[in-house]
Every structure is written in structure tokens, then in C-alpha cells.
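Heads up: the structure comes next, in C-alpha cells.
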Amino acid sequence: MDEPQALAAFVALGQEHRLRALRALVVAGPDGMASGSLAGAIGVSPSTISFHLKELQQAGLIRSRRAGRSIIYSAAYPVLSGLIAFLMTDCCQGRPEVCAPAVAAFSNPDPAAREVDHA
């Protein structure tokens, strides 16, 4: 991922409903969710979710596919991995302990353990 792609992703994620939608799609896994279900899950109207999904899709963070009369949205995991790699590439400066909390968050399935100390 290059800097312009990362900037587009961060702009798209800089709005609470889009961030919540993406997080819900990540939790939903590769099967994804229909837009109506996603709207209900994050507490917005169907027209509102459509606007936000369009923004996330333009940033490359989600994908869509048609399933009958529904459009199913799912997280674009390779793009999300690229965004994480973009952030972490220059991390640590030879000091792996600096990145240890982030690495631990990925390997621990307990959501409470994923909280990162912001001190």
C-alpha cells in the first residue's frame, strides 16, 4: 500500500458510522452482511448506510457482491492487511518490544486483552 491509498483509507475511516460498519464487516467474516442487516447492526437508516458503504468501497476497504436481490458487503482483508503493514513497516527501529502490544492484540482472541495502553 502506498501513501495515497493509506490516506484514502484513513479519510474513509474518519467517520464513526463508517468505522463501525467496517468493524462489523470484519466481525462478520468473509461471508459479509447485507446492507440492511449492517444498517441495523450499527443503528443507521438504509439510506445512510448506503452512503457510507459507497465511501468505504471507494477507499477499497470493502467489497460487494450480489446475492439474489441483496447486495452483500464484506471487508477487503488484503487491503486491511496492507493498511496495517503500511503503519507497522517502519515500527520499532530495531526494538521489537515497542510493537509487542500490537502483535499481542492480533494473536489474542480475548477482546479485553486487545486494549492497547495509550500511555
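Throughout, read-outs are computed from the coordinates displayed, never taken from laboratory work. For clarity, every value in this text was computed on a predicted model and none was experimentally measured. As a convention, Cβ positions derive from the backbone with ideal geometry for all residues, glycine included, and neighbour counts pool all protein chains shown.
Observations on the structure shown:
- Note on the chain: with charges restricted to the Cβ of Lys and Arg (+1) and Asp and Glu (-1), its dipole about the Cα centre is near 660 debye.
- Potential lengthening between Q15 and R66 on full extension [0.36 nm per residue; Cα-Cα distance subtracted]: 15.8 nm
- Neighbour-count ranking [beta-carbon atoms within 10 angstrom, fewest first] of R95, R69, R18: R69, R95, R18
- With semi-axes defined as the square roots of five times the eigenvalues of the C-alpha gyration tensor, the equivalent ellipsoid of the chain measures 29, 16, 13 Å, largest first.
- Shape call, region 1-71: gyration tensor on alpha carbons, a/c limit 1.5: prolate
- Degrees separating the helix 3-13 axis from the principal Cα axis of the chain, which is the longest one: 60
- Value of relative contact order over the chain, rounded to a whole percent, pairs C-alpha under 8 Å and six or more apart: 24
- All Cα pairs of region 49-101, percent lying beyond 14 Å: 64
- Projected label distance in nm at V27 and C91, using a 7 Å step from Cα toward the beta-carbon: 2.3
- When I49, I84 are sorted by how many other C-beta atoms sit within 10 angstrom of their C-beta, beginning with the fewest, the order is I84, I49.
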